[in-house]
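Notes for the one structure printed next.
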Amino acid sequence: MEIGISTFVETTPDVHTGEVISHAQRLREVVEEIVLADRVGLDVYGVGEHHRKDYAASSPAIVLAAAAPQTKRIRLTSAVTVLSSADPVRVFQDFATLDGISGGRAEIMAGRGSFIESFPLFGYDLDHYNELFDEKLELLLKIRASEKVTWQGGHRPAIDNLGVYPRPVQDPLPVWIGSGGNQESVVRAGLLGLPLVLAIIGGSPVQFAPLVQLYKKAAAHAGHDASKLPVASHSHGFIAETTELAADKFFPSTQAVMNVLGRERGWGPYDRSSFDSARSFNGALYVGDPETVARKIIHLRKNVGITRFLLHVPVGTMPHDEVMRAIELLGTEVAPRVREEVTAWEAEGGEKA
């Protein structure tokens, strides 16, 4: 069972002071967070790609590369790369470069993205939303499989027997598929034999169990060994010494971000009762003391089949020292609890990762 962190490198206004941190400062803070995550024994750190003012990471590979020489074992992934509006050649080159710098620890998490700013920015039509992803994923996997590439599609100039460099240390370079819970996307990942990441940020996490089974069924149908395909979750949360302290610290910035997004997307207001419901044992928020969060992750592993858990923290701007403390607690107290119980459960006949 792998445990890690994901971030969108947020630069939202501080809910208490109104101050907006600079992109430069927040990027430097995230590098510090990655280094700490490695030091406390976490397995993976993911940086999400966005192209708007309230997020600072438009190029996850560069952020991760800044931390790579300062880390030893932690895996470094995008979370996600918005492949639909990107050039797969450049994506592969960027992450192959990161793979070289890190000594073989890079991963790509490919997705459509839940924000649309990158499409007009790079000259793509949202009417082609689905076909762009399908075509570009096909090209990315073709580049991964072969040094020399011949390819033709409808949204990018053709490639005629050209080499793509550098080549990564890992062969193949890991490519995961990120999904918000769409059946079509999990089936695609299964048929291709690619690892799956589910964004479990609302409702009850156990409701995602049928999607995991659908994914594995599709993988087996295509001739892949479904038992060897990892499944990850990306879920919001925060850890502090006590559950009430964690909730009180995490709620204000989370509420502010959720209400901004709610106004953009037509959601209802996000209030404390919604937050408290979501951080209950069966909810999708992983907020609490180390024991509370560990129990929820273990429950997710046993009942949904997740083999990698990414805690997304923070959701909106929070004091850097509080985020660092949450990462420390995840690595030193939550992860050991989870690994110990999951290992024992698997030894007793539980489904192995």
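FYI, it's all coordinate maths here, none of it is from the lab. Predicted model, so just to flag it, every value in this text is computed and none were measured. We place every Cβ from the backbone using ideal geometry, glycine too, and count neighbours over all the protein chains shown.
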Ratio of alpha-carbon Rg to the 2.2 N^0.38 Å globular estimate for the range 191-314, to two decimals, please. 1.17
Please list, or write none, the aspartates and glutamates whose alpha carbon is within less than 20 Å of the alpha carbon of residue 142, excluding same-chain residues fewer than 8 places away. 87, 94, 99, 107, 131, 134, 160, 171
Which residues' amide hydrogens lie under 5 Å from the amide hydrogen of residue 2, considering only partners 5 or more residues apart or on another chain, with H built in the peptide plane? 308, 309
Please give the per residue volume of the convex hull enclosing the alpha carbon atoms of the range 42-175, rounded to a whole number of Å³. 98
Vicinal HN-Hα couplings computed from phi for the range 21-30 (Karplus, 6.51 cos²θ - 1.76 cosθ + 1.60; Hz; Gly/Pro x): 5, 6, 4, 4, 5, 5, 4, 5, 4, 5
Assigned charges on the beta-carbon of Lys, Arg, Asp, Glu; the chain dipole about Cα centre (debye): 660
Within 10 Å, count the other beta carbons around each residue, average over each peptide in 337-350, 300-313, 221-234, 61-74, and list them highest first. 300-313, 61-74, 221-234, 337-350
Of the listed pairs 72/136; 249/302; 217/302, those with alpha carbons more than 25 Å apart are 72/136; 249/302
Between the range 51-107 and the range 187-216, what's the alpha-carbon centroid distance in Å? 23
Once you keep just the Cα pairs under 8 angstrom separated by 6 or more residues, what percentage relative contact order results for the chain? 19
Show that you can apply the helix-only estimate: for the chain, add -39,500 (n - 2.57) for every DSSP H stretch of four or more residues, divide by all residues, and state [θ] at 222 nm to the nearest 500. -13500 deg cm²/dmol
Can you check how the C-alpha radius of gyration of the chain compares to 2.2 N^0.38 Å, as a plain ratio? 0.95
